[in-house]
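The values are calculated or read from the model by the stated rules, or taken from the named source; none is laboratory data. What you see is a predicted model, and the numbers here were worked out from it, not measured in a lab. Quick reminder, even Gly has a Cβ in these numbers, built from the backbone with ideal geometry, and neighbours come from all protein chains shown.
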Amino acid sequence: MSSDPLQNLQPIPPAHETNEETPAIGGGLPIIEYWAEHTLSPEGPKIWKTLLHHSACLSCSWGTGGQKGGFTNEAGEKLQRCMKSVEAISAEIQPAIPPQIFAQRSLADLQKLSSRDADRLGRLGFPMIRRAGSDYYERISWGEVYTIATTAFQKAPERVASYSSGRSSNEAAFLLQLMIRALGSNNLADCSDLCHAPSTTALSEMLGTKTSVVSLESLKHADCVVLAGANSAYNHPRLMNELIELRDRGGKVIVINPVMEIGLVKFGSPAFPVTSLLPGSEISSLYLQPIPGSDTALFIGIQKALIEQGFLKQSYLEAYTENWQAVVDQARSTPWEEITATCGVSQAEIAAAATIIGASKGVVFGWAMGITQHRNGVDNVISIVNTALMSGNVGREGAGVMPVRGHSNVQGFGSMGVTTAKLKKELQTKLEQLLGKPLSKTKGYDTRSLIEAADADKVDTLLCLGGNLYAANPDSTQAKRALGKIETIIYVATKPNLGHFHGLAKHNTIVIPVLNRFENPHKTTVESGNNFVRFNDVGETHLKDVDVIPEIQFLTELAARIHGEYPVNWRRLQDTRYIRELIGQTVSGYEKIAKIDETNEEFTIGGRILTTPKFSTPSGKAMMATTLMPDLTLPTPQELGVPESAKGLLLTMMTVRSYSQHNTVVYQIGDKYRGIPHRNCILINRSDAERVNLQQHQRITVQGNAGKMTDVEVIYGPVRPGASLMFYPEANAIFSAPVDERAGTPAFKRVPIFVYADSSEI
Ligand SMILES: Nc1nc2c(c(=O)[nH]1)N[C@H]1C(S)=C(S)[C@@H](COP(=O)(O)OP(=O)(O)OC[C@H]3O[C@@H](n4cnc5c(=O)[nH]c(N)nc54)[C@H](O)[C@@H]3O)O[C@H]1N2
Ligand SMILES: Nc1nc2c(c(=O)[nH]1)N[C@H]1C(S)=C(S)[C@@H](COP(=O)(O)OP(=O)(O)OC[C@H]3O[C@@H](n4cnc5c(=O)[nH]c(N)nc54)[C@H](O)[C@@H]3O)O[C@H]1N2
Ligand code: SF4
Ligand SMILES: [Mo]
């Protein structure tokens, strides 16, 4: 081995060959073009009005806007608004869908729409119902909505459920869980089950917290960031500003990703118009490209190298952690050959990562779906936290562990108690006091178990607060079948999506049109992934001649009809100040929310940011845990249903977001930064393709364990050999995914597939 591991520093990974369409940097001029095109268009004034409205950005969890103004982050920095925000706003300010559309277009017709076309129909303008046997949605009166919904919730508590998505407010989330728990049910499935549940599980067990322990301010003091399984250039663009500033002050960024994402190598940010926008700023100092699903092995390797290079912080481990010896022993005794063979990254590259981490003063470890969406997602997170602890990087400023969260208020939903995981003791006690009875002991259905339960005829009533339960799940055929066995489904939404057309209930499917965050007649709050609570002003809607209501109004009215005045006067809670008072009394760390209407003071949630190594675990110490080496065995092509005669390639597929989509909602069909022209493409490494004679742009079949996609265009790209990349939600049609049993999250990032030419005789 080389004596100077940093000699091996490689800011660009080994499999970096892009195709002819890929630009040289991420971000850059196209962002400005997009801004100009949209903000100068006829919708421009409406976009500006919304951008300047005092409310949090709708899109991602990084969070910006709120009381300090649309472009300002919690540190008071300006120009902190990205084009993803404009994308999200543009979709919300569409006109209402004319009523005759649903009278004219049958469901069979609507089911043929793509995700993008469904979104482009416009905003939902009035409540509608699809009754059993009908091929149409029809308008329905509010009276009938409440009658059907109230009756539907009279079922046994274990047979009713909710699902939610993190765009709604804390206030709506709090009401939702109170209404469901008051029934005696814990069936509070949430999109985070498909997302960061493994982070919540691991962080709760290890550190006694469920969220990031790093604030934006603290991140600004780090001199190294490890970014694993996160394509932040697409999905949290303003995080890139922090990485640019970190590199500018001499810090280092280690990227861990099987795909070379161009924006993680070089990114042009409009926040630095002179130095960064056109030339692009270097992001990765070292780019590691592991086999998908192998991150635990890679992090054990980093731990082993930290030990070998004398960087183990033994006195820190002794003072502040438990079980460290077992974790250190595991790293010591796992042979290098096993580590490198499992993760596919060389010992020299791993050693270079350890040298950077060991030599840095403060390291922040950030991660997203490439880490959590695996059968061993919890172990992946544990192995990251172990690495952070072994290098003494948890519990001080400028260091820590930072799950990079999803939706703009997904974390707030967790804080409000919308979860099937074990609640924090204080929250449980407070809720039990409020309800005057113990919470049900039956574990609720998380998202995957909800679908399984529905498929087994165990669910009668489902309320979906936002989201797209149908398209977010793997195995779309099963999702559709399962939803079809539920008697009543109520979708509360701003815009139509494929779930409303494919996820039809057995008897009644109701769609409730609601206002969004910047249109409500009352104030609301949301929580960012950095634990900052933003306060959204009252707003107004551009929608004309519609019958659209605030989410809060629907939830309070429904709860009042179901529960009367138990355990609260629900109708009084239509004034959201009273909900905030309840939240302040119930959720620890949220005390300041009770007075926010008077103070206007947005705040960082108490007890979340760790600047000393004292943990909310029973012993006050961090609980380290050993992890299993990942089992990466793949099924045979025959097990995927491919005949033995088939000539093709067995690969793993990562299902990811394109540049221009928000989860199941597609805004533009191409992905320019990966050089992918449309949604029905597969990105594979040229060497893999050439081995089986697949040409660039050739049309092929992709077979998963639950179906196949045909006419898929081959695109060569910088993904490591053996792996491939396709877009979600379309790819959900062809595979069922095992879940991590400890968190319920499906393995969306390591899907076995077989690819072969459409023309081949099989
Ligand atoms: N514009 C926009 N912003 C969004 C969203 C959106 O759809 N659009 N969605 C929001 C939500 S809900 C979420 S959860 C986040 C998602 O944010 P991300 O997690 O950044 O999004 P993904 O596209 O799922 O892909 C993550 C990355 O993981 C990598 N990866 C895949 N498998 C592995 C692996 O085994 N190991 C490692 N190390 N890396 C791997 C992929 O190559 C990809 O670059 O973004 C949020 N923000
Ligand atoms: N194969 C694969 N599948 C995945 C993933 C993956 O990476 N690969 N990622 C998973 C992840 S991380 C997540 S978070 C889930 C996302 O799953 P979901 O959160 O269920 O889906 P979204 O597409 O975000 O939901 C969009 C819909 O929310 C509604 N909506 C938007 N704003 C509002 C609002 O203010 N109020 C209300 N009531 N409704 C609103 C609109 O109707 C819109 O169509 O998908 C998961 N599924
Ligand atoms: S980074 Fe996220 S929160 Fe910030 S402006 Fe962009 S989409 Fe909105
Ligand atoms: Mo997510």
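Among the residues of region 599-644, how many are farther than 26 Å from residue 583 by Cβ and of a type in the set (Lys, Arg)? Steps first, please.
Looking only at region 599-644, we keep the residues that are farther than 26 Å from residue 583 by Cβ, and these are 612-613, 618-644.
Going one step further and asking which of them are of a type in the set (Lys, Arg), we end up with 621.
Summing the residues that are farther than 26 Å from residue 583 by Cβ and of a type in the set (Lys, Arg) in region 599-644 gives 1.
Select, from 356, 382, the only residue that is more than 26 Å from the chain's Cα centre (by Cα), more than 16 Å from ligand 3 (Cβ to nearest atom), modelled with pLDDT of 95 or more and not hydroxyl-bearing (Ser, Thr, Tyr). Don't jump to the end; show me each part of the working.
Values: 382 fails: more than 26 Å from the chain's Cα centre (by Cα).
Matching residue, one of 356, 382: 356.
Can you tell me which residue is farthest from ligand 3 (Cβ to nearest atom) among those in region 187-209 that are buried (at least 24 other Cβ atoms within 10 Å of the Cβ) and in a loop (DSSP other than H, G, I, E, B)? Break it down into steps so the answer makes sense when it comes.
Our first condition is that a residue be buried (at least 24 other Cβ atoms within 10 Å of the Cβ); within region 187-209, this holds for 187-200, 202, 206-207.
In the following step, the residues that additionally are in a loop (DSSP other than H, G, I, E, B) were identified as 187, 195-196.
Working: 187: 30, 195: 15, 196: 16 Å.
Going through the qualifying residues, I end up with 187.
Quick check on region 262-273. Is at least one of its residues away from ligand 4 (no atom under 16 Å from the Cβ) and without any contact (Cβ under 8 Å) to a residue 40 or more places away in the chain? Let's see the steps before the verdict.
Kept after step one, since they are away from ligand 4 (no atom under 16 Å from the Cβ), are these residues of region 262-273: 262-273.
Filter once more, so that each one left must be without any contact (Cβ under 8 Å) to a residue 40 or more places away in the chain: 272-273.
Yes: region 262-273 contains one or more residues that are away from ligand 4 (no atom under 16 Å from the Cβ) and without any contact (Cβ under 8 Å) to a residue 40 or more places away in the chain.
Just to confirm my filter: which strands (runs of 3 or more DSSP E) fall fully inside region 466-543 and include at least 3 residues that are β-branched (Val, Ile, Thr)?
On the way: elements: 488-493, 508-513, 524-527, 532-536.
The qualifying strands (runs of 3 or more DSSP E) are 488-493, 508-513, 524-527.
Would you mind finding the one in 442, 419 that is part of a loop (DSSP other than H, G, I, E, B), within 20 Å of residue 182 (Cα to Cα) and within 16 Å of ligand 4 (Cβ to nearest atom)? Reasoning before the result, please.
Numbers: 442 fails: within 16 Å of ligand 4 (Cβ to nearest atom).
Result: 419 is the single residue among 442, 419 that is part of a loop (DSSP other than H, G, I, E, B), within 20 Å of residue 182 (Cα to Cα) and within 16 Å of ligand 4 (Cβ to nearest atom).
Across region 102-118, what is the number of residues that are within 16 Å of ligand 2 (Cβ to nearest atom) and either farther than 18 Å from residue 669 by Cβ or among the polar types (S, T, N, Q) (or both)? Give the derivation first.
Going residue by residue through region 102-118, those that are within 16 Å of ligand 2 (Cβ to nearest atom) are 102, 110-111, 113-118.
Those left that are additionally either farther than 18 Å from residue 669 by Cβ or among the polar types (S, T, N, Q) (or both): 102, 110-111, 114-115.
Residues meeting the conditions: 5.
Just to be sure before I move on: is residue 395 touching a helix residue (DSSP H, G or I) at 6+ places or on another chain (Cβ under 9 Å), in a helix (DSSP H, G or I) and at pLDDT 95 or above in the structure I sent?
Numbers: touching a helix residue (DSSP H, G or I) at 6+ places or on another chain (Cβ under 9 Å): yes; in a helix (DSSP H, G or I): no; at pLDDT 95 or above: yes.
Judged against the criteria, residue 395 is not a match.
Just the residues that are within 16 Å of ligand 4 (Cβ to nearest atom) and not in a loop (DSSP other than H, G, I, E, B), please, taken from region 632-665.
Quick first cut of region 632-665, residues within 16 Å of ligand 4 (Cβ to nearest atom) only: 654-658, 661-665.
Matches in region 632-665: 654, 655, 656, 661, 662, 665.
If a residue must be assigned to a helix (DSSP H, G or I) and either within 13 Å of ligand 1 (Cβ to nearest atom) or among the charged types (D, E, K, R) (or both), how many such residues does region 280-300 contain?
From region 280-300, those assigned to a helix (DSSP H, G or I) are 295-300; that's our starting set.
Subset that is either within 13 Å of ligand 1 (Cβ to nearest atom) or among the charged types (D, E, K, R) (or both): 295-299.
The qualifying residues number 5.
Scan region 617-629 and tell me whether some residue there is under 30 Å from residue 325 (Cβ atoms), surrounded by fewer than 17 Cβ atoms within 10 Å (Cβ to Cβ), among the polar types (S, T, N, Q) and not assigned by TED's automatic domain parsing to the domain that holds residue 478. Let's see the steps before the verdict.
So the first thing to find is which residues in region 617-629 are under 30 Å from residue 325 (Cβ atoms), and the list is 617-629.
Those left that are additionally surrounded by fewer than 17 Cβ atoms within 10 Å (Cβ to Cβ): 618-620, 626, 628.
Subset that is among the polar types (S, T, N, Q): 619, 626.
Applying the additional criterion that residues be not assigned by TED's automatic domain parsing to the domain that holds residue 478 yields 619, 626.
Checking region 617-629: at least one residue is under 30 Å from residue 325 (Cβ atoms), surrounded by fewer than 17 Cβ atoms within 10 Å (Cβ to Cβ), among the polar types (S, T, N, Q) and not assigned by TED's automatic domain parsing to the domain that holds residue 478.
Yes or no: residue 760 modelled with pLDDT under 95, more than 16 Å from ligand 4 (Cβ to nearest atom) and either touching an Asp or Glu at 6+ places or on another chain (Cβ under 6 Å) or more than 20 Å from residue 260 (Cβ to Cβ) (or both)? Break it down stepwise before answering.
On the way: modelled with pLDDT under 95: yes; more than 16 Å from ligand 4 (Cβ to nearest atom): yes; either touching an Asp or Glu at 6+ places or on another chain (Cβ under 6 Å) or more than 20 Å from residue 260 (Cβ to Cβ) (or both): yes.
For residue 760, the condition - modelled with pLDDT under 95, more than 16 Å from ligand 4 (Cβ to nearest atom) and either touching an Asp or Glu at 6+ places or on another chain (Cβ under 6 Å) or more than 20 Å from residue 260 (Cβ to Cβ) (or both) - is met.
Going by the conditions given, is residue 694 part of a strand (DSSP E or B) and away from ligand 4 (no atom under 16 Å from the Cβ)? Before the answer, list the steps.
Details: part of a strand (DSSP E or B): no; away from ligand 4 (no atom under 16 Å from the Cβ): yes.
So residue 694 fails the test.
Out of region 664-687, which residues are buried (at least 22 other Cβ atoms within 10 Å of the Cβ) and either aliphatic (A, V, I, L, M) or free of Cβ contacts under 8 Å to residues at least 40 places away in the same chain (or both)?
666, 676, 682, 683, 684
Per-residue answers, yes or no, for (1) over 13 Å from residue 756 (Cβ atoms); (2) surrounded by fewer than 22 Cβ atoms within 10 Å (Cβ to Cβ):
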| residue | (1), (2) |
| --- | --- |
| 698 | no, yes |
| 703 | no, no |
| 716 | yes, no |
| 723 | yes, no |
| 726 | yes, no |
| 730 | yes, yes |
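Results for (1) touching a residue at least 40 places away in the same chain (Cβ under 8 Å); (2) part of a loop (DSSP other than H, G, I, E, B), shown as yes or no for each residue.
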{"site": "41", "(1), (2)": "no, yes"}
{"site": "45", "(1), (2)": "no, no"}
{"site": "48", "(1), (2)": "no, no"}
{"site": "62", "(1), (2)": "yes, yes"}
{"site": "68", "(1), (2)": "yes, yes"}
{"site": "73", "(1), (2)": "yes, yes"}
{"site": "76", "(1), (2)": "no, yes"}
{"site": "79", "(1), (2)": "yes, yes"}
